[in-house]
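Read-outs: derived from the displayed coordinates by stated rules, not from any lab. Worth saying up front: this structure is predicted, and the values here are computed from it rather than measured. FYI the Cβ positions are ideal-geometry reconstructions off the backbone, even for glycines, and counts take in every protein chain you see.
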Amino acid sequence: MGNSYRTNADLLKELEQMRRKVQEVEDCKMEFQNVQEKYERLLDSAPDALVFVNTENKIVQANAQFEKLFGYDHGEIIGRDLDVLLPGRFRERHRGYVAGFFRDPMVRPMGSGIEIYAKKKNEEEFPVDISLSLLQTDVEILVSAAIRDITIRRQTEEQIKLNFMIQRTLNEMLKISLEPLSLEVQFDRILDLILSIPHLSLQSKGAIYIIEDDPGILVVKAHRGFSGSDGVPCQKIPVGKCLCGQAASQSETVYANHVNGRHEIQCEGGFPHGHYCVPIQSGHRTLGVINVYVKEGHKRSGGEESFLASVASTLAGIVQHNRTEHEKEHLQAQLAQAEKLAALGRFTANVAHEIRNPLTAIGGFARRLDKTIPQKTKEKEYANFILSEVARLEGILKNVLTFSQDVTPQLEEYDIHEIIDRVVTMKEEICREKNISIHKSYSELPAVLVDNTQVHEAVENLVVNAIDSMPRGGSLTISTNKEVHDGIPYVYVSIHDSGTGIPEDKLDLIYEPFYTTKVADKGTGLGLPITKKVVEDHGGFMKVESEVGKGSAFTLYFPYKLNR
């Protein structure tokens, strides 16, 4: 048998060996802890959020950036399923991506083109970019994922796309404005452009309103996207009323994300919606409003508002350009007409002077003969006829000379009602004979700087024309009031008859010299041209409205000064 007893020296030797082994274990443990701390510090120093996932789709490790990005503490995320970090709509598809990566692992760098969204602990979603790599440990195979929040990058990309689309749209608008199209057609095409931009959350519905003759009314000039069930947008909107009217009066964008009490005008066939109502302005002057529809509950967007403000600014330029072109054409027509009338005036003045002397002689001899011819003879009848025709020709010559002469008005302050009353007094007898009733509707007016004689003649011409248009009787109404046009205050005199009226195709001819709708022995065709000339020489203008069978209304506008 071997000796089973060990000496004290042997025991001491074994004890020393055990102490060395324990120390080696402690040294290894310390080294492991140091390595682990270095590894964790290395992970935490990474700029991206890092997460490690095993083949069972469980999270086994995450760094500090991950905890900061997702809002989880280290202890509450380890061991949980990776699905907790994904919105529900992505989970099933993502599981397939993870399983496929374990089967056929390959490094996938960031920016691989896959659209991915992550979910924070507070349920907030955000776009991310992820790079994947395989990690083989002594225990298991892991997938490491570096996660980067790309919200700012995505917003920047979207803004760049939006800016490109906006600039392209504005360029297209400018191209449209240069095409030989009516303003309404241009607006139609511009609405199509605006409402088709994919990066704006707008409904495909909108309208453009313009202020035309009446400065207090917005008139729809174009609309898009409305079916019969939706109802066509309001045709006219008073400035200051409803959302569009408020935008026009306040000169600022008005927004609403649902139909509420500010929608003062309710159109038929309404549907849930909101609005951007953006004023179209040139300087401090409001020209109109662009009204774009959004879905109910839509959140107001600074980008959308900025784009629509740019559109409105471009529209203002288009409207101004259109009006300038029309004004240019109008001025060219006026210049051509003025040159024509000047030439005609010179010609008629020369003819009138040539005719006046022999006509005076004929009239003088006819009157002398008339005194010597016995009554109730054919010769007496012939003499009276000559005298009547001479008087008519003298009246024509007077009108011709009045029209052809360039006489500067002698302006003095007058109550225009006094001038009208003198004309009416002169014509009361003939109105009674023709069964024409006279009605006056005067407003309180300031004194006006006018040439008394010229304005008397202008008003008399209109009253005579009105009487002549009612051979079977009727009513003659003379009214006065004040109006403002293009910022200029005017006093107006309106003379309305219930006579035969003027055909629409003849309205453009009534101011032509020597054109008349009267029978040959009643008109020379110079009354209205003279009246128009008088008003324009005073810095005013003239309007006419007429309907066959119902009568005509001629209105004279004379400017006056405020606070005199």
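Just the Cα atoms of the stretch 155-318, one point each, no solvent: what log10 I(q)/I(0) does Debye give at q = 0.11, 0.15 Å⁻¹? For the stretch 155-318, the Cα-only Debye profile gives -0.41, -0.78.
The distance from the alpha carbon centre of the stretch 115-175 to that of the stretch 525-549 is 71 Å, rounded to a whole number.
Reported to the nearest whole Å, the Cα centre-to-centre distance from the stretch 414-481 to the stretch 47-85 is 95. Modelled spin labels at Ile438 and Glu115, positioned 7 Å past Cα toward Cβ, are 8.1 nm from each other. Calculated over the stretch 46-149, the projected area of the Cα convex hull averaged across directions stands at 6.3 nm². Remark: relative contact order (the stretch 155-318) = 20 percent; criterion is Cα-Cα distance under 8 angstrom and separation of 6 or more residues.
Farthest towards the positive end of the charge dipole of the stretch 409-559, among the residues Ser498, Pro409, Ile530, is the Cα of Ser498, using unit charges on the Cβ of Lys, Arg, Asp and Glu. Mean separation of Cα pairs under 8 Å and 6 or more residues apart, divided by the residue count, gives the stretch 46-149 a relative contact order of 30 percent.
So what is the relative contact order of the stretch 409-559, in percent, for Cα pairs below 8 Å that sit 6 or more residues apart? Worked out over the stretch 409-559, it gives 24 percent.
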